[in-house]
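Just so you know, all these numbers are worked out from the coordinates, no wet-lab data involved. Since the structure is predicted, the reported quantities are computational estimates derived from the model, not experimental observations. All Cβ positions, even for glycine, are placed from backbone atoms using ideal geometry, and neighbour counts span all protein chains on display.
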Amino acid sequence: ISYTTSEQKNFEDTTPKFYLDATATPVTFNLQNSIDWLILNLQESGYYRVNYDANTWDAIHKALHSANWGGIHELNRAQIVDDLLNIARSGILSYDKALEVLEYLESETNYLPWTS
């Protein structure tokens, strides 16, 4: 699993920081107050979907609506769009929540998030 935070914003290092397998226990990140968001699966380098808890989705939503999309890399913005819609389609996340986060697309000028 690769990741970065709003404090680091290092989307270039896609090297996994740890691995999960079928017997792995859930992983919890204890974020400090200065960290606004956490993004997993940098530049979609892994073949998995990411569903965040409600607080992290809210933080990502806020970042995407800020200047420069909160510094979130274009590939990860595309991943967020794709993951949100597929997780909502599976019934795990409500469409209301998914569409709320995706309102940021009104200001998205890059092609890739729109093709997700």
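Brief remarks on what is shown
- Counting Lys and Arg as +1 and Asp and Glu as -1 over every other residue whose Cβ lies under 13 Å from the Cβ of E100, the net charge comes to -2.
- In the chain, the DSSP-assigned H stretches of four residues or longer account for a calculated mean residue ellipticity at 222 nm of -10000 deg cm²/dmol, using -39500 (n - 2.57) per stretch and the full residue count as denominator.
- Toward the positive end of the charge dipole of the chain, with +1 on the Cβ of Lys and Arg and -1 on the Cβ of Asp and Glu, the farthest Cα among Y104, T115, W57 is that of W57.
- Under 14 Å, Cβ to Cβ, from W69 - net charge with Lys/Arg +1 and Asp/Glu -1: -2
- Cα centre as origin, Lys/Arg/Asp/Glu Cβ charges: the chain dipole, Debye: 180
- For the chain, built as a Gaussian network whose Cα springs stay under 10 Å, the top-fluctuating residue of L40, L20, L102: L20
- Among S90, S66, S45: highest mean-square fluctuation, GNM of the chain, C-alpha pairs under 10 Å: S90
- Cα pair distances in segment 3-115, grouped into 5 Å bins until the bin that holds the longest one, percent each: 2, 11, 22, 25, 23, 12, 4, 1, 0
- Selected from K62, K97, K17 as most flexible by GNM, with the chain as the system and alpha-carbon contacts under 10 Å: K17
- When exposed loop sites are taken as GluC sites (Glu not before Pro) in a DSSP loop with at most 16 other Cβ atoms within 10 Å, the longest stretch of the chain clear of them is 13-116.
- Computed extension length for I1-T109: 36.0 nm, one decimal, from 0.36 nm per residue of separation with the Cα-Cα distance subtracted.
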